[in-house]
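To start, the structure under review is shown below, and the notes come after it.
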Amino acid sequence: MTTERSEEETVAYSIENGIAWVKFNRPEKRNCMSPKLNRQMMRVLDELEFDDKVGVLVLSGEGSAWSAGMDLKEYFRENEAKGLGATRKAQSEAYGWWRKLRWYQKPTIAMVNGWCFGGGYGPLHSCDLAFAAEDAQFGLSEINWGILPGGGATKVATNLLNMRNAMYHALMGENIDGKTAAEWGLINEAVPLDKLQGRVTEVANTLLEKNPVALKATKDAIRRVTEMTYDNAEDYLIRAQEAANSYDNEGRKEGIKQFIDDKTYKPGLGAYDKSKQKG
Ligand code: COA
């Protein structure tokens, strides 16, 4: 592509059978995140969040990269030249859509098809689950060009990795492949690239069978209780379930009924049949 991509073209998406497939779409720039891409991603996420056709959102990248992190030219250099205001605006646009994704209404899956660097760790962590190609490459490359891993990347590393691995990863600027990323806990699982979409579809389809109110309550709870004391978490979880009941007061009753009375399924082995739920 010789001409510059319009803002709208920096993100691509389609909806198929309950799954929104959203893609970083600047393959010629290895999907690095420019201010345009950050703004467009926020628009797309907004548009899909309460779309009834969407039950799960998958974030992947067009071409050989998932995302090569922040755009060193358009995000860093050009904004720095414009002054502090421009830098702060660009930061809030980027951090804004990562935050939206962290607390998204629907479950989210990062499908890491290739390069994932630096700022890319923000959206990687924002996705509830992460699957990668075995050959995908993950790196905190910031140290290689002379900065610390900012934009949350250091926090992501310490949230997901043990201290020794986080330190080695951030100080050495060496990449790890998908298999190592899975061993270190940066992602859930690595599979060969040609199996990646199939595996992610399988996971998404399982999520689509679950009660959506319970999914949202559960994903938020996992993120919230991580930073709470045990007693605070215990209390939060009671309130969170009671709040969830105000959106769906029938789901769990139906779940109990189909097991105890109808004997049509076993919760230990799968989800209840949502289609029979009243209200
Ligand atoms: N910021 C700005 N431009 C980037 C970029 C980034 N983060 N990553 C890639 N690009 C651009 C390159 O400058 C190049 O542009 P050009 O065609 O106008 O010269 C184009 O994308 C293709 O990149 P190239 O380096 O030729 O691709 P590659 O497949 O050989 O290598 C990477 C891929 C990801 C290893 C390499 O592009 C890279 O190291 N990117 C920077 C990664 C990084 O440190 N990100 C952290 C930012 S916080």
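Give me the pairs: first residue in the stretch 136-164 and under 19 Å from Ser34 (Cβ atoms), second residue near the ligand (Cβ under 8 Å from one of its atoms) and open to solvent by 30 Å² or more (accessible area, probe 1.4 Å), beta-carbon distance under 6 Å, and six or more apart or on different chains, which are they?
Once the first residue is under 19 Å from Ser34 (Cβ atoms) and sits in the stretch 136-164, its partners that are near the ligand (Cβ under 8 Å from one of its atoms) and open to solvent by 30 Å² or more (accessible area, probe 1.4 Å) give Ser141/Phe117.
What number goes with the only condition from (1) surrounded by fewer than 21 Cβ atoms within 10 Å (Cβ to Cβ); (2) over 23 Å from Tyr75 (Cβ atoms) that Gly173 does not pass?
Here Gly173 clears every test but (2).
Can you name every residue in the stretch 108-152 that is among the polar types (S, T, N, Q) and either within 8 Å of the ligand (Cβ to nearest atom) or at pLDDT below 95 (or both)? First the steps, then the outcome.
Taking the stretch 108-152 as the starting set, the residues that turn out to be among the polar types (S, T, N, Q) are 108, 113, 126, 137, 141, 144.
Across the stretch 108-152, the qualifying residues are Gln137, Ser141, Asn144.
Within the stretch 85-107, identify whether any single residue is under 24 Å from Phe138 (Cα atoms), within 11 Å of the ligand (Cβ to nearest atom) and not hydrophobic (A, V, I, L, M, F, W, C), and answer yes or no.
Within the stretch 85-107, none of the residues are under 24 Å from Phe138 (Cα atoms), within 11 Å of the ligand (Cβ to nearest atom) and not hydrophobic (A, V, I, L, M, F, W, C).
Give the stretch 31-50 a look and list any residue that's open to solvent by 30 Å² or more (accessible area, probe 1.4 Å) and either touching a Phe, Trp or Tyr at 6+ places or on another chain (Cβ under 6 Å) or farther than 29 Å from Thr87 by Cβ (or both), or say none.
Met42, Phe50 - these are the residues of the stretch 31-50 that are open to solvent by 30 Å² or more (accessible area, probe 1.4 Å) and either touching a Phe, Trp or Tyr at 6+ places or on another chain (Cβ under 6 Å) or farther than 29 Å from Thr87 by Cβ (or both).
Counting just the residues of the stretch 1-19 that are in contact with a strand residue (DSSP E or B) (Cβ under 9 Å, 6 or more places away or on another chain) and free of Cβ contacts under 8 Å to residues at least 40 places away in the same chain, which one comes out nearest to the ligand (Cβ to nearest atom)?
Thr10
Of the residues Lys179, Lys195, Lys155, Lys210, only one is within 16 Å of the ligand (Cβ to nearest atom) and open to solvent by 20 Å² or more (accessible area, probe 1.4 Å); which? Before you say what the answer is, go through the steps one by one.
Values: Lys179 fails: within 16 Å of the ligand (Cβ to nearest atom); Lys195 fails: within 16 Å of the ligand (Cβ to nearest atom); Lys210 fails: within 16 Å of the ligand (Cβ to nearest atom).
Being within 16 Å of the ligand (Cβ to nearest atom) and open to solvent by 20 Å² or more (accessible area, probe 1.4 Å) holds for just one of Lys179, Lys195, Lys155, Lys210, which is Lys155.
Go through the stretch 1-26 and count every residue that is open to solvent by 20 Å² or more (accessible area, probe 1.4 Å) and over 30 Å from Thr206 (Cα atoms).
Step one: of the stretch 1-26, the residues open to solvent by 20 Å² or more (accessible area, probe 1.4 Å) are 1-9, 12-17, 21, 23, 25.
Checking which are over 30 Å from Thr206 (Cα atoms) leaves us with 1-9.
The number of residues fulfilling the criteria is 9.
Select the helices (runs of 4 or more DSSP H) contained entirely in the stretch 147-233, then report the ones holding at least 2 residues which are within 18 Å of Leu129 (Cβ to Cβ).
Details: elements: 153-160, 163-172, 178-184, 193-208, 212-225.
Ranges flagged: 153-160, 178-184, 193-208, 212-225.
The values are calculated or read from the model by the stated rules, or taken from the named source; none is laboratory data. Quantities reported herein were computed from a predicted structural model and do not represent experimental measurements. Here Cβ is always computed from backbone atoms with ideal geometry, including for glycine, and neighbour counts include all displayed protein chains. Quick note on the areas: whole protein, heavy atoms, side chains included, nothing else; ligands and nucleic acids left out. Shrake-Rupley method; radii C 1.70, N 1.55, O 1.52, S 1.80 Å.
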